[in-house]
Amino acid sequence: MDTRNSNAAFPQTRWSIVAQLGGDRESDAGVALAALCENYWAPLYAFARHKGKNPADAEDLVQGFLAKIAANSYLEKADAEKGKFRNFLLTGFRRYTNDEFKKEQAQRRGGGKEIISFETGEVEEWFQEVGGEAASPEAAFDQQWALSIVENTMQRLAEDWDRKGKGNEFDALRLFLTDSGDNEEYQKIAGQVGLSLPNFKIKLHRLRAKFGEFLRETVTETLSDSEPVEDELRYFLDLL
């Protein structure tokens, strides 16, 4: 996987925009933060479950915390110099679960209104099979964050290929994105989408390169402008 692409195309990340414009709920910062939270709610859920909350209470906690985010209660604390969006979210969520949840436990989090819509089924299944064995709630959070990074990257890839009218090719090629197959396997799948074996291999190589590029972009959006993306990439790849 090639993640050596230049960072010159990303002079300012969505996270750094949030950190700089934290006080204005009508600004682009609010839109950027909403998108980031929608993409990374699952690590918060994993953290709450590992802390001993049942699935319903964990979901309530996440919705309640996102309600605070939506109301800009935490944006004013954002500081680009402190770096990772991941750390900002985890610190804020830990504070929320320790303090505000106790005060609001008699009321549905967020006033009974869902801030974002999410299905916890897959994340709960992951927690039951893997996440519950993590060394700490923070470790479960980071593991699910790494998975969310990959999932968001895959979504970008799918959308990119769909725009080019090549969604069927993507569905075939993604089977070998991280796992190498042999010529017999390649030939079988290539035939299903009308590709020759050499063409299939070329497209697979390009897909893997694009995955590396999009992975870097996805991680970059959660960091401050000055923070090296390579360190974060290595950390997450070690978790996968």
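The values are calculated or read from the model by the stated rules, or taken from the named source; none is laboratory data. These numbers were taken from a predicted model, which means no experiment stands behind them. So basically every Cβ, Gly included, is an ideal-geometry build from the backbone, and we count neighbours across all protein chains shown.
Step by step: first the residues of segment 141-171, then only those that are among the hydrophobic types (A, V, I, L, M, F, W, C) and under 16 Å from Ala209 (Cα atoms), then the one that is surrounded by the fewest Cβ atoms within 10 Å (Cβ to Cβ). Which residue is that?
Kept after step one, since they are among the hydrophobic types (A, V, I, L, M, F, W, C), are these residues of segment 141-171: 141, 145-147, 149-150, 154, 157-158, 161, 170.
Then keep just the ones that are under 16 Å from Ala209 (Cα atoms); that gives 150, 154, 157-158, 161, 170.
Working: Val150: 17, Met154: 17, Leu157: 20, Ala158: 14, Trp161: 20, Phe170: 20.
Going through the qualifying residues, I end up with Ala158.
Would you check if there is a residue in segment 209-224 being over 30 Å from Ala58 (Cα atoms), free of Cβ contacts under 8 Å to residues at least 60 places away in the same chain and among the charged types (D, E, K, R)?
Yes; the residues of segment 209-224 include at least one that is over 30 Å from Ala58 (Cα atoms), free of Cβ contacts under 8 Å to residues at least 60 places away in the same chain and among the charged types (D, E, K, R).
Given the conditions (1) at pLDDT below 90; (2) surrounded by fewer than 17 Cβ atoms within 10 Å (Cβ to Cβ); (3) under 22 Å from the mean Cα position of the chain (by Cα), and given that Thr120 satisfies all but one, which numbered condition is not satisfied?
Failing condition for Thr120: (2).
Of the conditions (1) closer than 21 Å to Ile149 by Cα; (2) crowded, with 19+ Cβ neighbours inside 10 Å; (3) small (Gly, Ala, Ser), Ala190 satisfies every one except a single condition; which number is it?
Only one criterion is unmet by Ala190, namely (1).
Could you list all residues from segment 183-220 that are of a type in the set (S, T, N, Q) and under 30 Å from the mean Cα position of the chain (by Cα)? Give the derivation first.
First, the residues of segment 183-220 that are of a type in the set (S, T, N, Q): 183, 187, 192, 196, 199, 218, 220.
Correct list: Thr218, Thr220.
Which of the helices (runs of 4 or more DSSP H) contained wholly in segment 126-231 include at least 1 residues that are touching a Ser or Thr at 6+ places or on another chain (Cβ under 9 Å)?
Details: elements: 137-163, 167-173, 183-192, 197-220.
So the answer is 137-163, 183-192, 197-220.
For segment 176-208, which positions are among the basic types (Lys, Arg) and free of Cβ contacts under 8 Å to residues at least 40 places away in the same chain?
Step one: filter segment 176-208 for residues among the basic types (Lys, Arg), giving 188, 201, 203, 206, 208.
Result: Lys188, Lys201, Lys203, Arg206.
Residue pairs, Cβ under 9 Å, 6 or more apart or interchain, first in segment 149-173 and under 18 Å from Glu221 (Cβ atoms), second modelled with pLDDT of 90 or more and small (Gly, Ala, Ser). List them.
Glu151/Ala42; Ala158/Gly167
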